[in-house]
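Novice: This is the structure I want to talk about, given as structure tokens.
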Amino acid sequence: MQIEKDKILENRMRTLVRAWAKLAFAGRIDKNIFILNHSIATKVIRYYAQDIEVLKARYGIPDRVQAPKIAGLMANAITKFRPVVPIDGRQQDIENSDCNELLSIYYGICVCANFGENNYDYEAMTVLVSKPEFSDWFKRFIYLLRERNYTSEALVMVFETLCFMAFPENVNLATEKF
């Protein structure tokens with residue numbers, strides 16, 4: 001059982017690093033200014049593991065966890081611990097960066113789009129982000145994560161709703177046996 005959990009947490013870390021890399025190499029996060037801190041990212045993954053155990057107990061989830069739950073819990077952990085950090089701690093006006101919020105939202109969307117080892121619903125993601133409403137939704141989501149109060153369960157609901165609209169085949173896809 002522990003070996004299986006370790007594999008799942010390793011997969012969460014790999015997905016986090018891949019999401020970070022995609023954002024950095026696409027220019028959405030400036031990789032010359034920011035870096036994904038491995039120690040803090042590890043803390044994100046450990047917190048996710050604790051949070052998922054609470055969620056499973058609260059809702060009586062026997063084993064496998066659906067993608068929106070993973071997305072919401074990881075988004076919460078990313079915004080809580082902020083693993084994307086400045087390379088140079090003396091930079092001015094860095095406190096206004098939304099790179100951790102961007103990473104948490106992108107990570108959640110990737111999970112909802114079934115962003116696994118060899119699969120990725122790139123077409124569905126392209127359709128989603130090309131919708132005129134997406135930009136406003138995204139800006140409101142960034143504001144929620146930066147300025148308002150929320151729970152991990154509220155973020156699960158956000159990603160569940162997103163799945164219903166953009167990735168309906170993945171809403172009940174139980175992806176992780178935890």
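Novice: Of the candidates Arg14, Arg90, Arg82, which one comes out as most mobile in a Gaussian network treatment of the chain with C-alpha springs shorter than 10 Å?
Specialist: Among Arg14, Arg90, Arg82, the largest mean-square fluctuation in the Gaussian network model of the chain belongs to Arg90.
Novice: Per-residue ellipticity at 222 nm for the chain, helices alone: DSSP H runs ≥ 4 residues times -39500 (n - 2.57), over residue total, nearest 500 deg cm²/dmol?
Specialist: -21500 deg cm²/dmol
Novice: Give me the count of lysine pairs in the chain whose alpha carbons sit under 17 angstrom apart, restricted to pairs 8 or more positions apart or on different chains.
Specialist: Going through the chain pair by pair, I get 13.
Novice: Starting at the first residue of the range 101-110, write each ³J(HN,Hα) from the Karplus equation 6.51 cos²θ - 1.76 cosθ + 1.60 with θ = phi - 60°, in whole Hz, x for Gly and Pro.
Specialist: 5, 4, 4, 5, 5, 4, 4, x, 5, 4
Novice: Please work out which option in [x] 10.3; [y] 11.0; [z] 17.2 gives mean projected area of the Cα convex hull in nm² calculated from these coordinates, and answer with its label.
Specialist: Entry [x].
Values in this text are rule-based calculations from the coordinates and carry no lab data. Model, not experiment: these values are computed from the prediction.
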